[in-house]
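Enquirer: First, the structure itself, so that you have it in front of you.
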Amino acid sequence: MGYGSAKGIDILFIALTLLLLSVMSLSRYLLVIPYILLCALYAPVGGIYGPPSVAVVSALLQTSSAEAYEFLHTIPASCYLLPAATLLMLFVLAQFVWRHTISHKSILSLSIIFTVLLVVRIAGSGLENIKLPNFFLSIYSSINQYRQQIAVLENSSMVMPDWVVTPVAHNKGNYVIIIGESMRRDHMSLFGYPLQTTPFLDNAKGQFYNNYISAAPNTFESLPRTLALSDGKKVSIADNVITLAKAAGMKTHWLSNQGMIGEFDTPVSKVAMFSDSRHFLKKGDYESRNTDDDELLPLLGKALQEATQGNLYVLHLMGSHTDFCERLNGEVPFFNMPDRELNCYLSSYRKTDRFIARTYSMLKQSGSPFKLFYFSDHGLSHKTIGGARYLRHGGNTRQNYEVPLLVLSDNDQRHQLIDSPYSAFGFIDLFAREAGINISYPAATSATASPERTGRQVYNGYEMVDFDQLADDPPALL
């Protein structure tokens with residue numbers, strides 16, 4: 001069920017529950033067998049990502065067939081032993097329990113032990129801390145919270161944006177926001193990683209934020225809080241970077257290599273819906289395609305040729321999304337290390353670095369003034385599975401939030417590292433300042449976006465937490 005910290009008392013509680021429910025054939029078939037089958041299905045997910053959460057539910061409900069295949073492909077072989085071991089419980093029950101009649105005396109004894117355990121656990125830590133009911137409560141609350149977030153997004157996307165701005169007169173500049181995926185800052189040679197994972201950015205002129213943190217640990221929760229105004233838990237989706245650019249007189253374009261499921265039913269797609277033009281490489285039948293990020297470049301080139309006024313282009317990449325080797329789209333990994341997954345992960349950084357370099361070159365060739373922003377939506381955390389280390393989503397380590405942010409422009413004179421702490425909750429304010437947009441209302445900054453006032457806060461999927469109190473997860477070095 002994903003509870004790596006479960007104690008013996010939790011296992012005993014589950015064993016007694018299964019035994020008592022197995023007494024009657026009705027509860028056996030309606031409760032015991034479905035429960036064990038559910039655990040067998042969830043076991044690989046639980047082994048990597050833990051018990052049910054909003055992040056797990058959102059990934060499940062928003063995953064295309066191609067992404068599901070990639071997820072199954074990246075699960076370590078050892079995790080597939082968990083479903084087998086779980087299903088073995090059915091054989092044990094059928095062989096040693098269900099074939100025999102349990103005496104009333106045994107049932108009474110088991111019931112007394114079960115009751116004592118239940119009372120002690122509830123008195124000590126509450127019902128929600130008993131792993132068996134917590135599993136189902138977590139499923140229910142996660143689905144409910146996911147639906148609430150989608151409902152809030154649905155309602156707020158129907159609201160008119162509140163922006164009152166003073167734009168720069170006659171702005172014909174091009175602004176490009178490249179959204180990366182699953183890139184940890186500490187694996188970039190730009191920020192000190194010993195292997196050259198970002199050769200272009202290492203020497204590029206611009207501003208490079210050395211202390212930037214994402215808003216949340218996964219795309220579903222991070223990007224809405226980065227691209228739209230948010231106080232942490234709530235998001236004002238209509239007051240986003242797209243509507244801000246439109247209020248400032250820009251024409252807006254959304255170019256994405258991440259899927260559009262249904263009619264704008266993900267938080268990121270909700271933001272994209274506000275743009276003047278949008279193009280998703282993955283939609284409908286295209287969900288099964290492993291499209292390359294580089295396919296976005298011709299679309300950007302065509303849009304730049306047709307530009308007649310100030311423009312904002314948002315390019316949403318697959319970047320370093322798992323399966324890392326799939327992100328290379330047939331290219332031979334640049335690095336040659338024993339760890340195949342890390343080899344592909346680091347090679348995907350070079351691919352993103354090359355994408356940024358080509359975008360920068362296209363903007364230079366356009367002859368118009370420009371600013372190019374790049375950030376990653378979140379990082380990844382190391383997970384030890386079957387004795388091996390893997391990089392996966394996780395919200396309990398600092399490095400899962402420590403991501404790159406950089407700004408390149410046509411008139412940069414030097415390579416500048418910015419050490420001041422900065423939060424993704426303040427990205428809209430940063431964009432406005434760089435684009436010369438004066439926001440009169442609503443305020444584009446909040447206590448959440450000002451680490452010097454409140455300490456560094458991130459949203460972990462449930463609540464705002466102190467970033468500096470999270471565990472350390474050093475980079476993998478070979």
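Enquirer: May I ask for the net charge around SER214, where only other residues with Cβ less than 9 Å from the Cβ of SER214 are counted and Lys, Arg are +1 while Asp, Glu are -1? Provide the component values of the computation, followed by the final result.
Expert: Values: positive: ARG225; negative: ASP377, GLU402.
That works out to -1.
Enquirer: With a ≥ b ≥ c the root eigenvalues of the C-alpha gyration tensor of segment 383-432, is it rounded (a/c under 1.5), prolate (a/b larger than b/c) or oblate? Write out the running numbers ahead of the final one.
Expert: Working: a/c = 3.44, a/b = 2.24, b/c = 1.54.
Judged from the Cα gyration tensor, segment 383-432 comes out prolate (a/c at least 1.5, a/b above b/c).
Enquirer: For the chain, give me every cysteine whose Cβ has no other Cys Cβ within less than 4.7 Å, ordered by residue number.
Expert: So far as the 4.7 Å Cβ criterion goes, CYS39, CYS79 stand without a partner in the chain.
Enquirer: At a temperature of 4 °C and a viscosity of 1.567 mPa s, determine how fast segment 8-149 diffuses translationally according to Stokes-Einstein, using the Kirkwood radius over alpha-carbon pairs as Rh; express D in µm²/s, rounded to the nearest whole number. Intermediate values should be presented prior to the final figure.
Expert: Details: Rh = 17.1 Å.
Approximately 76 µm²/s, per Stokes-Einstein.
Enquirer: Taking only C-alpha pairs under 8 Å that are 6+ residues apart, what is the relative contact order of the chain in percent?
Expert: On the way: 840 pairs, mean separation 106.0, N = 478.
Relative contact order here is 22 percent.
Enquirer: Sticking with this structure for a sec: Exceeding 21 Å between C-alpha atoms, which entries from my cross-link table qualify? They are LYS172/LYS302; LYS172/LYS282; LYS131/LYS233. The partial results should precede the final answer.
Expert: Details: LYS172/LYS302 17 Å; LYS172/LYS282 30 Å; LYS131/LYS233 26 Å.
Beyond 21 Å: LYS172/LYS282; LYS131/LYS233.
Enquirer: Taking one equal scatterer on every alpha-carbon of segment 76-137, how large is log10 of I(q)/I(0) by Debye at q = 0.18 1/Å?
Expert: -0.95
Enquirer: Give the value in nm², to one decimal: projected area of the alpha carbon convex hull of segment 189-276, averaged over all directions. Let's see the in-between values first.
Expert: On the way: hull surface 31.6 nm².
Here the figure is 7.9 nm², rounded to one decimal.
Enquirer: Kirkwood hydrodynamic radius (Cα pairs, Å) of segment 320-478? Kindly include the intermediate steps, with their values, before the conclusion.
Expert: Working: mean 1/r = 0.0545 Å⁻¹.
Result for segment 320-478 stands at 18.3 Å.
Enquirer: Here is the link list: LYS234/LYS351; LYS234/LYS364; LYS7/LYS105; LYS205/LYS251. Which ones come out longer than 31 Å on Cα distance? Display every interim value, and only then the final one.
Expert: Details: LYS234/LYS351 34 Å; LYS234/LYS364 38 Å; LYS7/LYS105 28 Å; LYS205/LYS251 27 Å.
Correct reply: LYS234/LYS351; LYS234/LYS364.
Enquirer: Further, regarding this structure: Taking only DSSP H segments of four or more residues, each worth -39500 (n - 2.57), what value at 222 nm results for the chain once the sum is divided by all its residues, to the nearest 500 deg cm²/dmol? Walk me through the numbers on the way to the answer.
Expert: On the way: 15 runs with 190 residues, N = 478.
When only DSSP H runs of four or more count, the value is -12500 deg cm²/dmol.
Enquirer: Right, next: Let me check I've understood the local charge: for GLY330, count other residues with C-beta under 12 angstrom from its C-beta, Lys and Arg +1, Asp and Glu -1. What total comes out?
Expert: -2
Enquirer: Taking every pair of distinct Cα atoms and averaging 1/r, then inverting, what Kirkwood hydrodynamic radius in Å comes out for segment 86-215? Don't skip to the answer; put the middle values down first.
Expert: Values: mean 1/r = 0.0433 Å⁻¹.
One over the average 1/r among Cα pairs gives 23.1 Å for segment 86-215.
Enquirer: Return the ratio Rg/(2.2 N^0.38 Å) for the chain, where Rg is computed over Cα atoms only.
Expert: 1.09
Quick note: the coordinates plus some simple rules give every number you see, no bench work behind them. Here the structure is a predicted model, which means the values were calculated and not measured. Note that we place each Cβ from the backbone using ideal geometry, even for glycine, and neighbour counts take in every protein chain shown.
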